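The values are calculated or read from the model by the stated rules, or taken from the named source; none is laboratory data. Computed from a predicted structure; not experimentally measured. Here the Cβ positions follow ideal geometry from the backbone for every residue, glycine too, while neighbour counts run over all protein chains shown. Surface areas here come from the heavy atoms of the whole protein model, side chains and all, with no ligands, DNA or RNA. Shrake-Rupley method; radii C 1.70, N 1.55, O 1.52, S 1.80 Å.
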Amino acid sequence: MADEKHLKTVATVVYALQAAGCFVGITWIVAVIVDYVKKEDAAGTWLESHLRWQIRTFWWGLLWGVIGGLLALVLVGFVVLFADAVWIIYRIVKGWLRLSEDRALP
């Protein structure tokens, strides 16, 4: 049970780093590195779903951020960037709330 408590703390810290990433981008990279380092430790636990969720949030957010950045040259990219930001915030909030309730993510 101590390992699960530690992993829950790690997941909480990663959500905080992702939230901080909205203001200080480098914390996103730190967060995803922590996820990959702890992924094996979380295998088979309900916390594995949180680390997977955080990793997917990073990669999909990055992909849409790059696409939005490229499309910003033709202005439509700003809509894509805004939608990406809203989606990322939604994923952080949903994940953090589920974590606080000790619930796995889909």
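Restricting attention to the range 81-91, the residues that are surrounded by 14 or more Cβ atoms within 10 Å (Cβ to Cβ) and over 18 Å from residue 56 (Cα atoms) total 0. Would you point out the residue of the range 38-62, among those that are among the hydroxyl-bearing types (Ser, Thr, Tyr) and closer than 18 Å to residue 97 by Cβ, that is farthest from the chain's Cα centre (by Cα)? Only one residue fits best here, namely 49.
Does residue 64 fit the bill of being in a helix (DSSP H, G or I), within 28 Å of residue 3 (Cα to Cα) and touching a residue at least 12 places away in the same chain (Cβ under 8 Å)? Spelling it out, it is not the case that residue 64 is in a helix (DSSP H, G or I), within 28 Å of residue 3 (Cα to Cα) and touching a residue at least 12 places away in the same chain (Cβ under 8 Å).
Looking at this structure, is residue 21 at pLDDT below 95 and under 12 Å from the mean Cα position of the chain (by Cα)? Yes; evaluated as a whole, the condition is true for this residue.
Could you tell me whether residue 13 is open to solvent by 40 Å² or more (accessible area, probe 1.4 Å), assigned to a helix (DSSP H, G or I) and in contact (Cβ under 8 Å) with a residue 12 or more places away in the chain? Criteria met by residue 13.
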